[in-house]
Each structure stands twice: as C-alpha cells, then as structure tokens.
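Only one structure is covered here, and it is reproduced in the block below.
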Amino acid sequence: MISMIWSVTACSSKVDSGSRVPQLPFYQEATYTPVWEESEGISDDFHQIAPFELYNQFGDTITEKLLDEKVTVVDFFFTICPGICPKMTSNMKLVQEAFASQEQLQILSHTVTPRYDSIPVLNAYAANHGVIPGKWHLLTGERSVIYELGRNQYFIEEDLGLNKDPEEFIHTENFVLIDQNRRIRGIYNGLNKTSVQQLIKDARTLMADR
C-alpha cells in the first residue's frame, strides 16, 4: 500500500522553507495524528526513539545516541528487493545530495532481511549506489531489534502495522523524519518525488529552528 500521509509542513523565520504553518507537528503513535507544541505541550514522556544497537556497512556500532543533535531521515529496505526499494534508494539519494555538505543531517536505512544483508553485502550495496560514508548508514543487526524499531518506534507502517504479527515482513515505502531530540516530525511517501522534496524542506526547517 502506498501511503498518502505526508507531514504537515512548517516555516521558519530564518529561511523560506516552502512550509505552510509556524512549526512542524510532533507524532507519538502509529496513526500519525499531529500534536502541536503550543496547544498541547510536549512533555518529557512524549514518544522518543528508544535505545537500540545495530551495525552499519563498515561494521561500526550504531546506537540511538547517533540521533542526538542531528536531523535524521529513516527508511526500511533490503538489497535484493526487485520492487519498490530501487526507487526508494534513488529518491533517498536526492535527500543525500540536498544535504551532502551539511553534517546536521544523516540517513539511516535499515535492512528488513538481516540474515542476507550482512555487513559486506551492505558495504557493496553502498559502493554501488553512491552512499556517502558518515552521511548515510545502512544498518543490519538482530532482526528482532530492527522490527521493533520499525513497528513500535518509527511506526514505519503507520497504523497498518498495529495488528501485524512480529514475524510478518516489513515492506513499506515510507520515509520518516526525526528531529534532534529523537522525536518523529513527519512521514513521507518515498516513491513520490514531490513528497520527498517536501521532506527536504521540512528537514531544513528543523535545522534552522535549532
């Protein structure tokens, strides 16, 4: 299913981001119902990405601490996917290119087939697709950790994932935008270039608001 949920976008007094409201909303559950900081408040117990430990294409340990103080774009894929993943990778490269010289933004792509997508496999995939080291991390590790992150932390399948069995395969085109405090700020259709361009604008808004 191709998600049609996009982030409600924001503007900053510092930049013309192409956004339409004073700030980006927050999201804390799988229905992606927006929460506005001014009207509802964002308390200490508001949803943040929980601790995790995975490994990137170089074998480096990646934890939730990498998300601190950076804007992060997240997706889930697998290297031998013949369907939506090549298009997602192509569109994620647009994000990488937009922020190639800006360290404040990074990309995390999680494999949903970690038994196949080992560190060497991810390294080769990265080399073949122009992935910039340190900018775009391709992640593998324990399947249970990856699927917990996808379904219960990033809500990558939106509310479609609420009733799925933990063993059921994750396969979604969604990109998720995470702010510098590990909080969800938007979800986008990674197959749609207009949606991806909106993600880029929203990421710039988050960076400018710091």
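Filtering segment 190-210 to residues that are crowded, with 22+ Cβ neighbours inside 10 Å, farther than 17 Å from ASP179 by Cα and in contact with a helix residue (DSSP H, G or I) (Cβ under 8 Å, 6 or more places away or on another chain) leaves only GLY190. Of the strands (runs of 3 or more DSSP E) entirely within segment 51-110, those holding at least 1 residues that are more than 13 Å from the chain's Cα centre (by Cα) and polar (S, T, N, Q) occupy 61-63. Search segment 119-132 for residues being surrounded by fewer than 16 Cβ atoms within 10 Å (Cβ to Cβ) and not aliphatic (A, V, I, L, M), and hand back the single one that is nearest to the chain's Cα centre (by Cα). Result: GLY130.
Of all residues in segment 57-95, those satisfying the criterion of being β-branched (Val, Ile, Thr) and more than 21 Å from GLN180 (Cα to Cα) are THR79, ILE80, ILE84, THR89. Take GLU158 and decide whether it is within 21 Å of GLY186 (Cα to Cα), surrounded by 16 or more Cβ atoms within 10 Å (Cβ to Cβ), in contact with a strand residue (DSSP E or B) (Cβ under 9 Å, 6 or more places away or on another chain) and modelled with pLDDT under 95. So GLU158 fits the description; yes. Among the residues of segment 153-190, not one is without any contact (Cβ under 8 Å) to a residue 40 or more places away in the chain and under 19 Å from PRO34 (Cα atoms).
The rows are residues; the columns are (1) of a type in the set (S, T, N, Q); (2) more than 18 Å from TYR125 (Cα to Cα); (3) at pLDDT below 90.
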site: SER3; (1), (2), (3): yes, yes, yes
site: SER13; (1), (2), (3): yes, yes, yes
site: THR31; (1), (2), (3): yes, yes, no
site: ASP45; (1), (2), (3): no, yes, yes
site: PHE52; (1), (2), (3): no, yes, no
site: GLU64; (1), (2), (3): no, yes, no
site: SER90; (1), (2), (3): yes, no, no
site: GLU97; (1), (2), (3): no, no, no
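Within segment 92-105, residues that are under 17 Å from VAL196 (Cβ atoms) and free of Cβ contacts under 8 Å to residues at least 40 places away in the same chain have Cβ atoms under 9 Å from residues that are hydrophobic (A, V, I, L, M, F, W, C) and in a loop (DSSP other than H, G, I, E, B) in these pairs: LYS93/VAL131; ALA100/ILE132, counting only partners at least 6 apart in sequence or on another chain.
Does ALA50 satisfy being out of contact with any strand residue (DSSP E or B) (no Cβ under 8 Å at 6 or more places or on another chain) and surrounded by 14 or more Cβ atoms within 10 Å (Cβ to Cβ)? Against the criterion (out of contact with any strand residue (DSSP E or B) (no Cβ under 8 Å at 6 or more places or on another chain) and surrounded by 14 or more Cβ atoms within 10 Å (Cβ to Cβ)), ALA50 does not qualify.
Only residues that are under 17 Å from THR172 (Cα atoms) and loosely packed, with under 14 Cβ neighbours inside 10 Å were counted across segment 84-118, and they come to 1.
Remark: GLY41 matches the filter, which requires a residue to be at positive phi and modelled with pLDDT under 95.
The values are calculated or read from the model by the stated rules, or taken from the named source; none is laboratory data. Given the structure is predicted, the values throughout are model-derived calculations rather than measurements. Cβ: placed from backbone, ideal geometry, glycine included. Neighbour counts: every protein chain shown.
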